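Beneath this line is the structure, given in structure tokens, with notes to follow.
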């Protein structure tokens, strides 16, 4: 079987006006799994899933989005080859070579860059921020994506911020000329692009926007580790309980940027969790009549 290495340009507008759902792992996912599975099975809904989706669904997503090393290709190769859903993975979290992938993987794949804005390595970006901060004594650095919020503490010093980069800069050797954030900003002509991402959810939503999906339903985006996961057997890692609170400013900013990017492309994002603490995305239900008529 010949597998294909995809690029961003291969997926742009691939599913124009096709309804989609981005499935995350917060407990609110459980209220919608049955409907989602039914609509996906009938071809009425494109499903994007992330990380360990196989603990929540019996069938594969249409696209599997990964952003960290916990689900690197060698670690979950067996599941990838069993279900054969196209894999979109961050090169920062997975250093698999094309040779390894071509020899072992049995599905299409798209490696993306989530960190090296303007094609710059991590040290260049950090030095630029340090220079700005030294000269201005504030955190309103906008040289990358016109987005000063992603530089506000505590992100700058946290694992999702710039202090969490690989000290050996191995990620920089695999960097692209543009990141997924910049690709979305360019495509939508948005004023800003979102940050390096405190959650893989935002990359999955970005892909759905670029592919032209509309509307984009989001489920399980609870962003509150105190509620646990949809799969009760999965334990919340130590230190994660307050992460959503610590990073709430950046989370809200990224959601606002994604929402604006979608609106500029006449795309609606709808959060199916009406009880979530964040209100950036409109809250609502899956319009099964709309979905079925569109399909």
- If the chain between residue 189 and residue 121 were fully stretched, how many nm would it gain, using 0.36 nm times the residue separation less the Cα-Cα distance? 22.0 nm
- With r defined as the distance between the Cβ atoms of residue 31 and residue 134 and R0 fixed at 45 Å, what FRET efficiency is calculated, to the nearest 0.05? 0.35
- Message: Sort 145-151, 231-237 by the packing proxy (mean of other Cβ within 10 Å over each peptide's residues), most packed first.
- Response: 145-151, 231-237
- Using mean Cβ contacts within 10 Å as the protection proxy, how do 209-217, 171-179, 72-80, 98-106 order, highest first? 209-217, 171-179, 72-80, 98-106
- Measure nothing fancy, just the Cα-based angle from helix 122-136's long axis to the longest principal axis of the chain, in degrees from 0 to 90, nearest 10. 60
- Task: Give, in nm to one decimal, the length gained when the segment between residue 95 and residue 10 is fully stretched (0.36 nm per residue of separation minus the Cα-Cα distance).
- Result: 28.4 nm
- Calculated [θ] (222 nm, deg cm²/dmol) that DSSP helices of n ≥ 4 give over the chain, each run adding -39,500 (n - 2.57): -9000 deg cm²/dmol
- Computed E for residue 279/residue 106 - FRET, C-beta separation, R0 45 angstrom, nearest 0.05: 0.60
- Calculate how steeply helix 248-264 sits against the longest principal axis of the alpha-carbon atoms of the chain, using the helix alpha-carbon long axis, and give the answer as 0 to 90 degrees to the nearest 10. 60
- Message: To test your reading of the geometry: what angle, between 0 and 90 degrees and rounded to tens, separates the Cα axis of helix 200-210 from the longest principal axis of the chain?
- Response: 70
- Message: Between residue 55 and residue 226, what's the calculated FRET efficiency when r is the beta-carbon distance and R0 is 22 Å? Round to 0.05.
- Response: 0.65
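Every read-out reported here was derived from the displayed coordinates using simple, explicitly stated rules and does not represent laboratory data. Treat the numbers as computed from the prediction; the structure is a model and nothing was measured. Positions of Cβ are generated from backbone atoms using ideal geometry, with glycine treated the same way; all protein chains shown enter the neighbour counts.
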